[in-house]
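Here is the structure we will look at, set down as structure tokens.
Read-outs: derived from the displayed coordinates by stated rules, not from any lab. All values reported here derive from a predicted model rather than from experimental measurement. Virtual Cβ from ideal backbone geometry, glycine too; neighbours counted across all protein chains shown.
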Amino acid sequence: MTYYFISDLHVDFYVSPVFRTIAILRKNFEVFFERNFLPADACCIAGDIANDYFNYVEFLKFIAEKYDTVYVCFGNHDIITEHLGEFGSDRDFLTSESKIKYFLAEAGKIPNIQLLENRIAEGVAGCMGMCDFKYKHTPAASEMANKILWATRWFDARHWKYKQNNADKLWRHYDIAFRELTARRPKIMMSHFLPLEFGMPERYQQDPCSNFFYFHGEEYLENLDDGSIWQAGHTHIAIKREYTDKLGKKHLLLCNPVGYPDENPYAEHGLKREDFLVEVG
């Protein structure tokens, strides 16, 4: 079977909220699809479909018609709870948990959609994931300082209402999810946040905010079989590389973000969308 891997769609930035008629919205989705997707048997979308709940659900309905199965995990933008201005929502959610519950219920009504949050379906596992705050951008940096910066300055802490935005609770939740999901040895593991094993561009290595995209993934990768795939998103830089874990097993790491309209995710590594159309046995 062929799988097309993609993430970070941010459709709000390509489809204006004024397009509230379904017919016009779908025409705009069709243009977006032609520019960014490729035909395949299945599609894996590793988070950040939309800030806006309406665009999110309508896009799931649209994309479900394009593939036999579409696997989706949440991204950090998907679970924000309040208005964000021009590209924001026309309703608020009291908590991120309530928005997640809403999306899971809506996705369950759409044929061909597998919205994976801490679960596995047909050999594909998924969860949003979280950063572990352990990366040090300088020798003097600390895990505690990273958490304080996240809690007071970062987008997620400002726009989520998720597990009381308690950094320790959030990481424990996803650490358990990663352990349990990878222990089931899926052929494909999806997350929005990235294992550090994907590699961090040099220009970001001294940036304290780099903590908020990555986690140490070695032990989870070691749970997977040789030849497995880990797909992630979040960074708007396309990545395709083979990673060999400490046990000698090889894993294909994929990140194919659409990103924002003023970005070119393929430029850094000279990739193209065809590189993310993969035959999976």
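Couple of notes before you dig in:
- Beta bridges per DSSP, both residues in the chain: antiparallel share near 30 percent.
- Site pair GLU65 and LEU94 shows an inter-label distance of 3.6 nm when each label is modelled 7 Å from Cα along Cα→Cβ.
- Efficiency of FRET from Cβ geometry, THR2 and ASN112, R₀ 22 Å, rounded to 0.05: 0.90
- The spread of Cα positions in the range 2-279, taken along each principal axis and listed from longest to shortest, comes to 53, 42, 34 Å.
- With R₀ set to 25 Å, the beta-carbon distance separating GLU219 from GLU122 gives a calculated FRET efficiency near 0.50.
- Stretch gain in nm, segment ASN36-LYS169, where the contour uses 0.36 nm per residue and the Cα spacing is subtracted: 44.3 nm
- Likely footprinting exposure, TRP150, TRP230, fewest C-beta neighbours within 10 Å first: TRP150, TRP230
- Burial ordering of SER228, SER142, fewest other beta-carbon atoms within 10 Å first: SER142, SER228
- Taking a straight Cα-Cα cut-off under 22 Å and skipping sequence neighbours fewer than 8 places away in the same chain, the lysines within cross-link reach of LYS250 are LYS187, LYS240.
- Using distinct alpha-carbon pairs, which all enter the 1/r mean, Kirkwood radius of the range 165-266 in Å: 14.4 Å
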